[in-house]
Amino acid sequence: ILNVEQSPQSLHVQEGDSTNFTCSFPSSNFYALHWYRWETAKSPEALFVMTLNGDEKKKGRISATLNTKEGYSYLYIKGSQPEDSATYLCAFIGDSGNTPLVFGKGTRLSVIA
Amino acid sequence: EPEVTQTPSHQVTQMGQEVILRCVPISNHLYFYWYRQILGQKVEFLVSFYNNEISEKSEIFDDQFSVERPDGSNFTLKIRSTKLEDSAMYFCASSEFPRGGETQYFGPGTRLLVL
């Protein structure tokens, strides 16, 4: 059974603070890692698909890094804003990409104005 | 921007009843998926669908579940005889290509409550 873990489970930060959280996944048979941002009552929004070890991707104030050898990815948010409040989900795919997304439990971020 | 839509947003049903959850995937996408999230747990894969047949299903997707693409736009998940443990948020997703490096676009979910 593949195990994808995210930490912390929840996080409260002040507006303007930068923050980061972690997704851990199996380091063998890696194919891709997906990051999603999910606001309550909305569709989970795709942020990044990461495939290469050492990859770093950026979308506005949000960026992510990937270490496939040790099996982790970090998501960073610079200068958090209240609208960043959401649950951030990572999902792992292994086995040449022919398997379903395996999700972590998510990190719930609350940004306090 | 194209999006995946789902109806209804909420459904309450009695145990043993049949429910049909509806999804309209993004129009040029060919690969469709259902996931669910039981409250407090991880999002779990149920089934993937391509070319009018199931391409993969999880252990959760037993004989009580079925999927269908009844026309060119809708993709449905049917639960024949609901159980209390079927209460969950059900997400539909679609992608243009099937491989794991491609983004899957999710709908907003249907929250199903079985009483």
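None of the figures in this text is laboratory data; all of them are computed from the coordinates on show. Predicted model only: the values in this text are computed from it and were never measured. When we count neighbours, we look across all protein chains shown, and the Cβ atoms used for this are built from the backbone with ideal geometry, even at glycine.
Excluding same-chain neighbours fewer than eight residues apart, the lysines reachable from B:K78 by a Cα-Cα span under 16 Å are B:K57. Modelled spin labels at B:H10 and B:K78, positioned 7 Å past Cα toward Cβ, are 2.7 nm from each other.
Cross-link partners of A:K59 among aspartates and glutamates, defined as those whose alpha carbon lies under 16 angstrom from its own and excluding same-chain residues fewer than eight positions apart: A:E45, A:E83, A:D84.
Taking only alpha carbon atoms, the range B:39-112 gives an Rg to Rh ratio of 0.94, where Rh is the Kirkwood radius. With a cut-off of 8 Å between alpha carbons and a minimum separation of six or more residues, what is the relative contact order of chain B in percent? Value for chain B: 38 percent.
Straight-line cross-link partners of A:K58 among the lysines, defined as a Cα under 26 Å from its Cα and at least 8 positions apart when in the same chain: A:K42, A:K69, A:K78, A:K105, B:K42.
Using the Karplus relation 6.51 cos²θ - 1.76 cosθ + 1.60 with θ = phi - 60°, the per-residue 3J(HN,Hα) values for the range B:110-115 come to 10, 8, 9, 10, 9, 9 Hz, with x marking Gly and Pro.
Along the Cα-to-C-beta direction of B:Q17, a point sits 7 Å from the Cα; which residues of the range B:72-107 have their amide N less than 19 Å from that point? What the label zone holds, given the 19 Å backbone N cut-off, is B:77-90.
Semi-axes of the equivalent ellipsoid for the protein assembly as shown, computed as √(5λ) from the eigenvalues of its C-alpha gyration tensor and ordered from largest down, come to 29, 20, 16 Å. Note that the range A:13-22 has calculated 3J(HN,Hα) couplings of 10, 7, 3, x, 6, 9, 8, 8, 9, 10 Hz, one per residue in order, obtained from phi through the Karplus relation 6.51 cos²θ - 1.76 cosθ + 1.60 (θ = phi - 60°); glycine and proline are x. Go through the range A:26-113 and name the GluC sites (Glu not before Pro) that are in a DSSP coil and have 13 or fewer other Cβ atoms within 10 Å of their Cβ. Those satisfying the criteria are A:E70. Cα-Cα pairs above 17 Å in the range B:1-80: how many percent? Tail fraction, whole percent: 49. Over all pairs of different C-alpha atoms in the range A:41-113, the reciprocal of the mean inverse distance, the Kirkwood hydrodynamic radius, equals 13.6 Å.
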